[in-house]
Amino acid sequence: MNRSSLPPPGPSRRRLLGSFAGLGALAAAGAAGCSAPSPGGSGRTQLRYWHLFGGGDGVNMAAMLDAFRQSHPDTYLEDATLEWGAPYYTKLGMAGAGGRAPEVAVLHMARLTGFAPGRLLNPFDLDLLAEFGVTPADFPENLWARGAVEGEQYAVPLDTHPIVLYYNTDVCERAGLLDGDGVIRPIEGREEFTAAIRAAGEVTGQPGLVIETLGADTVGPWRIFSTFYAQTGGTLLSDDGATITIDDAKMLDVLEYMRMLGDEGLIVPRVDYQGTVGVFSAGETGFFLNGEWEVSTFTNTGLPFSMARVPNVFGSGAAQADCHSFVLPNQDGRGGRANEAAHEFVAWMLKNSVDWAAGGHVPAYLPTLEEPDYLAMRPQSSYRSVIDDVALDPPAWFAGSASSMWLELGAVFSGVLTGSRSPQNALEEARSRLQDLLDTPSPFGEST
């Protein structure tokens, strides 16, 4: 997910939920636009693949797809890049509802619950996947488990894309924060993290940390809160996603820390997503908390920087994350050679995911994490251990990347960072908005 190339901000909550509500009426129309492509050649198996990757991710994906085509001349692969966010998921849901979807597609793992597995998605044939050399043992147990629903595997993770700590190596060296190898020293606890931010700020004469604090449909404040709250061990919803389980004391502790960062001038006070990238690119701050997908942006600018896991600020090394995963959108009568080709494609992409890691994402296919080419990839491999501590959204239809929950809670926590909302008010408002989402029926219906 390369946010530097994302489309304009997504729709408001009302428009987003309204568009989902009309899904059933649009299903037939959507299916009509998903007819099979013209044959790619006599005897070749047609394989349609939908994804949402643009920017640097799109370039990396295109190169991988070209390599697949060269090594699989009997498969006619037709890929389509659709608009990131709500438009992508609306179209994918419509295609699955009509039963005439592509053979394989990308889905953010945390959105799986909302995609009614068994209705809009078909399960993987794990025996068939094993024939192509991929088994459940090749993935972190927690990520693999999130792709399963009632004993069937509906999503196979390609990567995880967590929040990480970017740091300007020149600034941090002058602040005395690096070790002899030029790597940031371990930071443990909020006191050490706060002290490191102050030290960086003393070098630059400006706030030591930049994070997204505002913007139309901002989600950065949600990501920061989710990371710190996960580190406390707190949860938002029960395991079945049906009940609010907020720990008021832990949530207030996190929100008060976020408010302190703004009140004491430790973060750039009012900046949207693109602004954060510009501020860090210009060398104005020592630290930047954001998803790892901006690695290509800063590499291309020549900025002296590196990356590390988010420090253990509240008790663990947890980091908010989602996972790009492969799914099999619902097709009436799925099977035959096209279904085999879909499984073969997924297995091949996983086995070649070292190329995908260049964009910053941590491969979910464990053998890739030990490949010499990946280990030599810096700074991308330096935070790979976070794969064991990623904090995915709770299993609810309204959670996951580009979701209603992100927009709702991002707006609430934005006020904490900018000073327009108190931590106590933010807690109460977050609880209220979560309840509203729980009370809203899933537009995609339930799993079968």
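Listed by first and then second residue, the pairs with beta-carbon distance under 6 Å, at least 6 apart or on different chains, first residue in the stretch 264-283 and among the hydrophobic types (A, V, I, L, M, F, W, C), second open to solvent by 20 Å² or more (accessible area, probe 1.4 Å) and in a loop (DSSP other than H, G, I, E, B), are 266/207; 267/207; 268/207; 279/268. The residues listed here are 337, 309; of these, the one that is modelled with pLDDT of 95 or more, under 22 Å from residue 280 (Cα atoms) and open to solvent by 30 Å² or more (accessible area, probe 1.4 Å) is 309. Within the stretch 101-148, the set of residues being at pLDDT 95 or above, among the β-branched types (Val, Ile, Thr) and in contact with a Pro (Cβ under 6 Å, 6 or more places away or on another chain) is empty.
Note on the stretch 299-309: residues that are over 15 Å from residue 361 (Cα atoms) and touching a residue at least 12 places away in the same chain (Cβ under 8 Å) total 4.
Set side by side, the residues 141, 173 differ, and just one is more than 20 Å from the chain's Cα centre (by Cα) and free of Cβ contacts under 8 Å to residues at least 40 places away in the same chain, which is 173. Evaluation of residue 251 against the conditions (1) under 18 Å from residue 417 (Cβ atoms); (2) touching a Cys at 6+ places or on another chain (Cβ under 9 Å) shows that the sole unmet condition is (2).
Per this entry, residue 414 is counted among residues that are outside any loop (DSSP other than H, G, I, E, B), more than 27 Å from residue 116 (Cβ to Cβ) and in contact (Cβ under 8 Å) with a residue 60 or more places away in the chain. Within the stretch 217-249, the set of residues being surrounded by 17 or more Cβ atoms within 10 Å (Cβ to Cβ) and either on the phi > 0 side of the Ramachandran plot or free of Cβ contacts under 8 Å to residues at least 24 places away in the same chain (or both) comprises 217, 234, 241.
Kindly provide the set of residues from the stretch 298-317 that are in a loop (DSSP other than H, G, I, E, B), at negative phi and more than 21 Å from the chain's Cα centre (by Cα), ordered by number.
303, 304, 313, 314
In the stretch 80-94, what count of residues is obtained for those that are assigned to a helix (DSSP H, G or I), of a type outside the set (A, V, I, L, M, F, W, C) and open to solvent by 10 Å² or more (accessible area, probe 1.4 Å)? Lay out the reasoning, then the answer.
Start the filter on the stretch 80-94 by keeping residues that are assigned to a helix (DSSP H, G or I), which leaves 86-94.
Those still in the list that are of a type outside the set (A, V, I, L, M, F, W, C) too: 87-91, 93.
Still in the list and also open to solvent by 10 Å² or more (accessible area, probe 1.4 Å): 87, 90-91.
Adding up the residues that qualify gives 3.
Here is a list: 63, 36, 67, 97. Which entry is surrounded by fewer than 16 Cβ atoms within 10 Å (Cβ to Cβ), modelled with pLDDT under 95 and aliphatic (A, V, I, L, M)? Break it down into steps so the answer makes sense when it comes.
Details: 63 fails: modelled with pLDDT under 95; 67 fails: modelled with pLDDT under 95; 97 fails: surrounded by fewer than 16 Cβ atoms within 10 Å (Cβ to Cβ).
None of the other options fit; the residue is 36.
The values are calculated or read from the model by the stated rules, or taken from the named source; none is laboratory data. Remember, predicted model here, so these are calculated numbers, not experimental data. All Cβ positions, glycine included, derive from the backbone under ideal geometry; neighbour counts span all protein chains shown. Just the protein is used for accessible areas: all its heavy atoms, side chains included, with ligands, DNA and RNA removed. Shrake-Rupley method; radii C 1.70, N 1.55, O 1.52, S 1.80 Å.
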